[in-house]
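The values are calculated or read from the model by the stated rules, or taken from the named source; none is laboratory data. Note that the structure is a prediction, hence the values are computed from the model and not measured. Every residue, glycine as well, gets a Cβ built from its backbone with ideal geometry; the counts of neighbours run over all protein chains shown. The protein model used for the area step is the full one, side chains on, heavy atoms only, and it has no ligands, DNA or RNA in it. Shrake-Rupley method; radii C 1.70, N 1.55, O 1.52, S 1.80 Å.
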Amino acid sequence: MLLDGKNVVVTGGASGIGRECCLVAAREGANVVVADLDVKGAEATAKDILEMGRRALVVEMDTSKATDADKLVKESVAAFGSIHGLVCGAIKLVPSKLEDLSEEAWDKLHNVGLKGYFLCAQAIGRHMLERGSGSIVLISSVGGVQAYPLAGAYSIVKAGEIMLAKLIGVEWGSRGVRGNAVVAGQCRTAMTEAMFQDPEIAKGRAGVVPMNRVALASEIADACVFLMSDRSSYVN
């Protein structure tokens, strides 16, 4: 198994791609820390992990707060002893025209999606640097490399996540800690479901993909789990 004997942390683990990362990681042998503001959802994910025979820990946290990121490290290490992998997946989506985009929506997206990724990567990265090994995976989006209408601050934040992953790789790679971004394509999750309810949008999103379908969340999770494993030891 790709993650046999490893301990991993997933932010946004209560739903969507984050939840699937938790489940795929557990199937591949990992103990999993499920971090999310949605405690009820996180507990449901943890229950599924426990049923696979793996250990699970739920940490209630707001990724945009440094104190919560520090708490995440402390509780994870206290429970499992070490952290081998991190997936940052917590995000919000506030669609808007640029001329109508509010300062509140701009700040919310940046606080959760960019500041939050940084704080969690920094806090857990320090632990990994002390150990001399680890893998950090940031879930970005095709929206971070290609602009599309009504994305609001989402595409801008996703572009920033890609650069953050590159900086992690450049600064920490020689010290044993790898950084990668998974630039997810079209994927149907609870967060995007409202858009897919429009038949034209659903058809259009599938139509730009060579396989003529959007991804399953588990397929994005497969890539994240591979990048946390030793099988990707030269991917940075």
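Relative contact order of segment 45-172: what whole-number percent is it, with Cα pairs under 8 angstrom and at least 6 residues apart? Intermediate values should be presented prior to the final figure.
Values: 160 pairs, mean separation 34.6, N = 128.
Worked out over segment 45-172, it gives 27 percent.
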DSSP-defined beta bridges in segment 31-159 - what % are antiparallel, rounded to 5: 0
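In whole Å and largest first, what semi-axes does the C-alpha gyration tensor of the chain yield when each eigenvalue is scaled by 5 and square-rooted?
Numbers: eigenvalues 149, 75, 62 Å².
Semi-axes from the Cα gyration tensor: 27, 19, 18 Å.
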Alpha-carbon centroid distance for the pair segment 158-184 / segment 1-41, whole angstrom: 20
Ordering of 179-185, 115-121, 101-107 by packing [mean C-beta count within 10 Å, highest first]: 115-121, 179-185, 101-107
Euclidean distance between Cα centres, segment 196-236 to segment 56-126, Å: 22
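Over the chain, with the other protein chains present, what is the accessible area per residue in square angstrom, probe 1.4 angstrom?
Spelled out: the 1.4 Å probe surface of the chain, per residue, equals 48 Å².
I'd like the carbon and sulfur percentage of the solvent accessible area for segment 95-181, probe radius 1.4 Å, heavy atoms only, ligands and nucleic acids excluded.
Details: 2310 of 4170 Å².
Carbon-and-sulfur percentage of accessible area, whole number: 55.
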Charge dipole (debye, nearest 20) of the chain; +1 at Cβ of Lys and Arg, -1 at Cβ of Asp and Glu: 560
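Could you tell me what percent of the accessible area of segment 1-47 is made up of carbon and sulfur, with a 1.4 Å probe and every protein chain present? Please list the in-between numbers first.
Details: 770 of 1590 Å².
Percent of accessible area from carbon and sulfur atoms in segment 1-47: 48.
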